[in-house]
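Accompanying notes for the structure given below.
The values are calculated or read from the model by the stated rules, or taken from the named source; none is laboratory data. Please read these numbers as outputs of a predicted model, since none were measured by experiment. Cβ placement follows ideal geometry from the backbone for every residue including glycine, while neighbour counts extend to all protein chains displayed. All accessible areas refer to the heavy atoms of the entire protein, side chains included, with ligands and DNA or RNA removed. Shrake-Rupley method; radii C 1.70, N 1.55, O 1.52, S 1.80 Å.
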Amino acid sequence: MAGDLNAKKFRSQMKSCGNAARAVLEAVFGGRRPADRALSGFFRENRQLGSRDRQFISESVYALLRGWGVLRKFLPEERRAGLESGEIRIGRVELDALIFAALYLEGTNLQQAGVLAAELGIPWPKPEPDAASPYLARAAALAAVFGSSATFRDSDLVPEWVLPLLPPDFPADRFLADLRRRPPMWLRLQTRDRDRLAAELQSCGLALRRHPRLANAFAVENPKVNLYTLDSFRRGEFEVQDLASQCIGLAAAPKPGERWLDACAGAGGKTLELADLMERTGTVVACDVRSYKLDDLRIRARRAGFPNIVTREWDGKPFKGKQAGGYDGVLVDAPCSCSGVWRRNPDGRWTLKPEDVEEAAALQQRILEAASTAVRSGGLLIYATCSLFPRENGGVVDAFLASHEEFALEPFEHPLTGEPCGGMLQVRSFDGNCDSMFVARLRRKEAES
């Protein structure tokens with residue numbers, strides 16, 4: 001297992017990895033800050049780390065967060081409680097042992113895991129070869145070498161309160177299986193010359209997989225290349241956008257020449273998709289209550305040369321004057337629990353609380369009510385979240401429709417399958433090896449003349 005790793009360099013790498021893990025755990029549990037931002041901050045403060053070091057550290061920290069529900073059982077109860085309340089009192093050896101367990105559990109970086117096990121004096125775990133669940137078998141094998149009596153279930157991968165909030169018929173086993181592994185990176189091409197761009201990306205060392213139905217969607221099977229340094233990225237010919245996220249724009253299906261509003265645009269991934277689907281004609285007005293969030297969108301739109309994107313701050317209140325009823329379509333990609341992106345952001349599983357879901361639903365209701373005033377007679381209102389919880393999805397839509405008889409659900413095709421759906425769709429991670437997202441399509445009735 002040890003291979004030919006340089007022992008001195010590996011110890012230095014592990015020291016940096018431990019420091020990064022400690023910083024991220026403190027940020028996540030102590031400050032409820034996103035892990036990706038904490039890790040980016042650590043790398044900014046440690047610019048001496050090379051690309052391979054950063055890659056190993058990133059993979060180790062995220063393996064730690066993905067497997068936390070299992071790994072936490074190896075800690076004494078008092079230490080576990082303290083750590084999860086933000087008091088990061090954990091020794092270097094104990095932390096290194098958790099990192100080793102995370103890598104072994106996922107089956108990644110096993111060469112480094114072997115060296116780390118040897119350094120710590122941990123015998124290599126031997127799982128039951130014919131176990132029904134290889135993942136749980138590896139967890140049990142870890143318990144054996146750690147001298148732990150802990151037992152494990154698939155449901156350990158999320159807090160206990162999560163599964164009861166999912167639909168009764170939800171295939172939790174498939175959901176939990178996806179949470180064990182990293183999602184692929186999806187690209188959305190912003191050029192009609194797809195074959196040329198795909199060939200160019202492949203010549204840079206990327207292994208691409210074209211989606212069988214979505215012409216602009218390509219999965220990157222080996223995201224080892226820094227995409228943001230490529231000439232094709234600088235030309236604005238593609239964006240990194242998850243497959244499930246691409247489904248939102250396709251469900252909206254804006255037409256060339258129309259006027260659309262993206263009410264919660266943020267960094268603008270879906271704004272760019274709407275503008276592209278409109279063949280760079282018409283207008284997409286991108287709004288957000290946090291105007292600074294639109295800075296990235298302006299850069300991205302300028303890079304890709306979109307002439308039909310306008311940015312504007314929105315105060316979150318109902319639209320009045322010329323803006324009221326002034327849009328063919330309005331997209332409300334509402335802030336949510338983000339439970340649908342827990343594969344990508346595993347720290348979210350451990351910081352979200354049940355009351356956060358209720359608070360999110362109340363906010364979503366207010367935003368949907370306010371944004372709906374911008375839809376013209378006969379226009380579309382698209383509501384989307386990256387949540388799996390019905391309380392934030394169909395529950396919000398049903399409550400809105402109950403008080404707005406002028407809107408009705410409009411059926412559309414499932415973008416990934418072509419199958420009809422009755423106006424509301426939950427895209428799940430296992431539908432396309434992607435994130436999970438919800439989208440509803442509502443049509444405002446034509447005003448009587």
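Taking all protein chains as present, what is the carbon and sulfur share of the accessible area of the chain, in % to the nearest whole number, probe 1.4 Å?
Of all accessible area on the chain, carbon and sulfur atoms account for 50 percent.
PRE reach from S133 (point 7 Å along Cα→Cβ): which of segment 180-194 fall under 15 Å by backbone N?
180-181
Counting only residues 5 or more places away or on other chains, whose amide H sits under 5 Å from the amide H of D262 once H atoms are built in the peptide plane?
V285, A286, C287, L331
Per 5 Å bin, what percent of the C-alpha pairs of segment 83-166 does each bin hold, from zero upward?
3, 13, 20, 22, 19, 14, 7, 2, 0
Taking Rh as the Kirkwood radius computed over C-alpha pairs, what is the Stokes-Einstein D of segment 320-391 at 10 °C in a medium of viscosity 1.306 mPa s, expressed in µm² per second?
118 µm²/s
Report, to the nearest 10°, how far helix 194-203 tilts away from the longest principal axis of the Cα atoms in the chain, using its own Cα long axis and a range of 0 to 90°.
Roughly 20 degrees between the two axes.
Report the Rg/Rh value for segment 1-133, based on alpha-carbon coordinates and the Kirkwood definition of Rh.
0.96
Of the lysine pairs in the chain, how many meet both conditions: Cα atoms under 21 Å apart, and a spacing of 8 or more in sequence or different chains? Please list the in-between numbers first.
Details: K73/K126; K73/K353; K255/K270; K255/K445; K270/K293; K293/K317; K320/K445; K322/K445.
Qualifying lysine pairs in the chain: 8.
Given a Förster distance of 30 Å, report the FRET efficiency between R194 and F430 from their Cβ-Cβ distance, rounded to the nearest 0.05.
For R0 = 30 Å, the calculated efficiency reads 0.70.
Once phi is turned into ³J(HN,Hα) by the Karplus curve 6.51 cos²θ - 1.76 cosθ + 1.60 with θ = phi - 60°, what whole-Hz value does each residue of segment 43-58 show in order, with x for glycine and proline?
With coefficients 6.51, -1.76 and 1.60, one gets 5, 5, 7, 10, 5, 6, 6, x, 5, 5, 4, 4, 5, 4, 5, 4 Hz.
When only Cα pairs under 8 Å and 6 or more residues apart are kept, what is the percent relative contact order across segment 184-223?
The normalised contact order for segment 184-223 reaches 53 percent.
Mind checking Rg over Rh on segment 152-196, alpha carbons, Kirkwood formula for Rh?
Reported Rg/Rh, Kirkwood definition of Rh: 1.26.
Quick check for you: with a 1.4 Å probe and neighbouring chains kept, what is the accessible area per residue of segment 1-125, in Å²?
Heavy-atom accessible area per residue stands at 47 Å².
Sort 28-40, 424-436 for me by packing, meaning the mean count of neighbouring Cβ atoms within 10 Å per residue, highest on top.
My ranking of the peptides, most packed first, is 424-436, 28-40.
Give the angle, between 0 and 90 degrees and rounded to the nearest 10, that separates the Cα long axis of helix 243-252 from the longest principal axis of the Cα atoms of the chain.
Helix 243-252 sits at roughly 10 degrees to that axis.
Specify, per residue and in Å³, the volume enclosed by the convex hull of the alpha carbon atoms belonging to segment 81-226.
In segment 81-226, the Cα hull volume divided by residue count equals 210 Å³.
Output the antiparallel fraction of DSSP beta bridges having both residues in the chain, as a percent to the nearest 5.
60 percent
Over the chain, what lengths in whole Å, largest first, do the semi-axes of the equivalent ellipsoid take, defined as the square roots of 5 times the eigenvalues of the alpha-carbon gyration tensor?
With the √(5λ) rule applied to the chain, the semi-axes are 42, 25, 20 Å.
Under a 1.4 Å probe, what is the accessible area of segment 303-449 per residue, stated in Å²?
On a per-residue basis, segment 303-449 sits at 41 Å².
Got the relative contact order for segment 323-449 handy, in percent, Cα pairs under 8 Å and 6 or more residues apart?
31 percent
Roughly how large, in nm² to one decimal, is the mean projection of the convex hull of the alpha-carbon atoms in segment 177-234? Working shown, then result.
Working: hull surface 18.3 nm².
Across all orientations, segment 177-234 yields a mean hull projection of 4.6 nm².
Return the ratio Rg/(2.2 N^0.38 Å) for segment 230-305, where Rg is computed over Cα atoms only.
The value comes to 1.05.
For the chain, what does -39500 (n - 2.57) per DSSP helix run (n ≥ 4), summed and divided by total residues, give at 222 nm, in deg cm²/dmol to the nearest 500?
Counting only the DSSP helices, I get -12000 deg cm²/dmol.
List the extent of the Cα atoms of segment 295-356 along each of their three principal axes, largest first, rounded to whole Å.
Reported extents, whole Å, longest axis first: 43, 32, 19.
How high is the FRET efficiency between R290 and E359 when r is their beta carbon distance and R₀ equals 30 Å, given to the nearest 0.05?
Working: r = 18 Å, r/R0 = 0.58.
With a Förster radius of 30 Å, E is 0.95.
So if I place +1 on the C-beta of Lys and Arg and -1 on the C-beta of Asp and Glu, and nothing else carries charge, what would the dipole magnitude of segment 276-424 be about its Cα centre? I want it in debye, nearest 20.
700 debye
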